[in-house]
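The values are calculated or read from the model by the stated rules, or taken from the named source; none is laboratory data. All values reported here derive from a predicted model rather than from experimental measurement. Cβ coordinates were reconstructed from backbone atoms using ideal geometry, including for glycine residues, and neighbour counts include every protein chain displayed. When the accessible area is computed, the model is the full protein with side chains, heavy atoms only, and any ligands, DNA or RNA have been set aside. Shrake-Rupley method; radii C 1.70, N 1.55, O 1.52, S 1.80 Å.
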Amino acid sequence: MDARNQSAVAEFILLGFNSLRRWQAFFFFTFFLLAYALTIMANATIITTVWKDSRLHTPMYFFLSNFSFMEIWYTTVTVPKMLSSFMVERTTISVSGCIIQFYVFFCLGTTECMFLGVMAYDRYIAICYPLRYSTLMNKKVCTRLAVGSWVSGFIGHLPLTISTTQFFFCGPNKINHFYCDLAPVLNLSCTNTSVSEMIFFTFAWVIILCSFLLTMMSYCYIISTICRMPSTTGRQRAFSTCTSHLTVVTIFYSTVTFMYVRPTVHYTFQADKVVSVFYCVVTPLLNPVIYNLRNKEMKEALRRVLCSRRMIIGRRLDSLTGIVRRKGGGFWMASM
């Protein structure tokens with residue numbers, strides 16, 4: 001029977017973690033809500049600190065603030081829907097909403113790959129060509145690299161998304177996930193999805209492996225340059241500027257490679273949900289922590305911003321107190 005003769009599915013049901021008991025669901029809801037709130041606050045703090053402190057107006061922190069902005073949206077695409085699944089018995093999403101969700105999610109994931117590569121290139125120029133750094137990484141170049149990362153991330157997935165809109169879903173309509181990942185969505189299609197699968201995995205291989213190889217090539221040159229430095233202090237200082245980024249790269253690519261650089265026949269949705277929680281919730285929370293705890297400049301800048309904020313609040317309170325006292329004194333004299 002032709003699939004088009006059957007009734008079309010209007011919405012999907014996200015199963016999420018429906019096997020959890022009530023007390024377990026409450027525990028995970030509390031944990032994920034706290035993690036999400038901390039992720040937003042931490043990344044927003046990085047953006048504000050870089051914007052407020054003129055000493056951080058450098059290419060490295062410019063890319064870091066872009067990366068933090070991207071992380072806020074990256075986790076916002078999936079986590080609120082997951083939190084709602086703990087609160088209601090049935091979490092639904094329209095077919096168009098599902099397609100938009102995984103389009104934005106994969107676009108932001110691709111943008112993250114781009115920014116990790118750009119940040120590695122920035123460290124490569126800073127360590128291997130320190131005297132030419134300000135010329136090679138000027139404001140115009142940094143802006144082009146940032147805009148290119150955003151644009152390539154959102155344009156690259158358009159062919160796959162357009163082809164997905166042509167799929168016909170006639171049932172079942174239950175997605176064994178807490179968000180619209182591509183593999184479970186393709187699994188529900190009543191039409192042939194082999195071409196879309198080939199496009200997706202080709203794109204995933206190209207983006208993930210190419211960005212990873214470019215990042216590793218940058219670090220090969222960086223490590224080679226550091227090893228040739230005569231001063232031990234200089235080697236430690238140079239390597240300390242890369243450890244945070246290298247840690248984030250390791251965490252990100254290990255989880256993403258497991259999830260998307262493999263054929264769909266090897267997908268196990270229960271295991272994938274656990275891994276997805278790690279890179280949708282845990283990794284965006286760890287990234288600002290890693291960049292802050294291992295970065296002396298960021299910690300000092302954050303301290304300066306907080307101190308200046310306290311001084312501003314103190315001056316405003318003193319001014320308000322003076323106004324109240326003057327008004328109060330005037331009222332007291334009038335009453336006499």
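For the reader, a short list of remarks on this structure follows.
- Note: relative contact order over the chain, using C-alpha pairs below 8 Å and six or more positions apart, is 26 percent.
- For residue 12, the residues 5 or more places off, or on other chains, whose built amide H falls under 5 Å of its own are 93, 94, 95.
- Prolate/oblate/rounded label for the range 136-277 (Cα gyration tensor, a/c 1.5): prolate
- With each label modelled as a point 7 angstrom along the Cα→C-beta vector, the residue 282-residue 199 pair spans 3.3 nm.
- Base-10 log of normalised Debye intensity for the chain (one unit scatterer per alpha-carbon) at q = 0.08 Å⁻¹: -0.49
- Residue 88-residue 254 FRET efficiency (beta carbon distance; Förster radius 30 Å; 0.05 resolution): 0.35
- Cysteines, the chain, no other Cys beta-carbon under 4.7 Å: 107, 113, 128, 142, 210, 220, 227, 242, 280, 307
- Computed accessible area, residue 57, all protein chains, 1.4 angstrom probe, square angstrom: 120 Å²
- Translational diffusion coefficient of the range 76-184 (Stokes-Einstein, Kirkwood radius from Cα pairs, 25 °C, 0.890 mPa s): 148 µm²/s.
- Full extension of the chain between residue 158 and residue 225 gives 20.1 nm of extra length, using 0.36 nm per residue less the Cα-Cα distance.
- Relative to the longest principal axis of the Cα atoms of the chain, the long axis of helix 283-293 lies at roughly 30 degrees.
- For the range 145-186, the extents of the C-alpha atoms along the principal axes are 43, 23, 10 Å, listed from largest to smallest.
- Over the chain: helical MRE at 222 nm, DSSP H runs n ≥ 4 each giving -39500 (n - 2.57), nearest 500: -25500 deg cm²/dmol
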